[in-house]
1. Expressed in nm to one decimal, what extension gain is obtained for the pair Ile62 and Lys13 from 0.36 nm per residue of sequence separation less their Cα-Cα distance?
2. Tell me the label-point distance for the pair Ser38, Lys5, using the 7 Å Cα-to-Cβ offset, in nm and rounded to one decimal.
3. At 1.4 Å probe size, what's the solvent-accessible area of Arg10? Round to the nearest 10 Å².
4. Straight-line reach from Lys19: which aspartates and glutamates have Cα under 16 Å away, leaving out those fewer than 8 places along the same chain?
5. Using only alpha carbon pairs under 8 Å that are at least six residues apart, calculate the relative contact order of the chain and give it in whole percent.
6. At a probe size of 1.4 Å, how large is the accessible area of Ser38, to the nearest 10 Å²?
7. Of Asp32, Asp9, Asp68, which has the most accessible area with a 1.4 Å probe, and how do the rest follow in descending order?
8. Roughly how many percent of the accessible protein surface of the range 1-62 is carbon and sulfur, given a 1.4 Å probe and a whole-percent answer?
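The values are calculated or read from the model by the stated rules, or taken from the named source; none is laboratory data. In this text, all values refer to a predicted model and were calculated from it rather than measured experimentally. Cβ: placed from backbone, ideal geometry, glycine included. Neighbour counts: every protein chain shown. These accessible areas exclude ligands, DNA and RNA; they are computed on the full protein's heavy atoms, side chains included. Shrake-Rupley method; radii C 1.70, N 1.55, O 1.52, S 1.80 Å.
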Amino acid sequence: LMIKKKFGDRVRKLRLEAKLSQEKFALLINMDRTYLASVENGKRNISLENIAKIANGFNITIEELFKDI
């Protein structure tokens, strides 16, 4: 589905804007780096809990995380 790819692209864009590696961001939000990589690559049907972790890691709302998707 395109939604997974668009969401992954959004997460990657925000992470790069924050100048964080996958490893550093994964550590920050208590997530495995390989799981984060699969989210960014659009291969993971991510849970609501993990969506919230990502939004919190960027200090944005879930609504902001889904902006332009």
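1. On the way: separation 49, 0.36 × 49 = 17.64 nm, distance 1.53 nm.
Between Ile62 and Lys13, full extension yields 16.1 nm more.
2. About 1.9 nm, to one decimal.
3. About 40 Å², rounded to the nearest 10.
4. Qualifying aspartates and glutamates at Cα under 16 Å: Asp9, Glu40.
5. Values: 60 pairs, mean separation 28.9, N = 69.
That works out to 42 percent.
6. Result for Ser38: roughly 20 Å² accessible.
7. Details: Asp32 90, Asp9 65, Asp68 140 Å².
Per-residue accessible area, sorted high to low, gives Asp68, Asp32, Asp9.
8. Values: 2190 of 3980 Å².
About 55 percent, which is the carbon plus sulfur part of the accessible surface.
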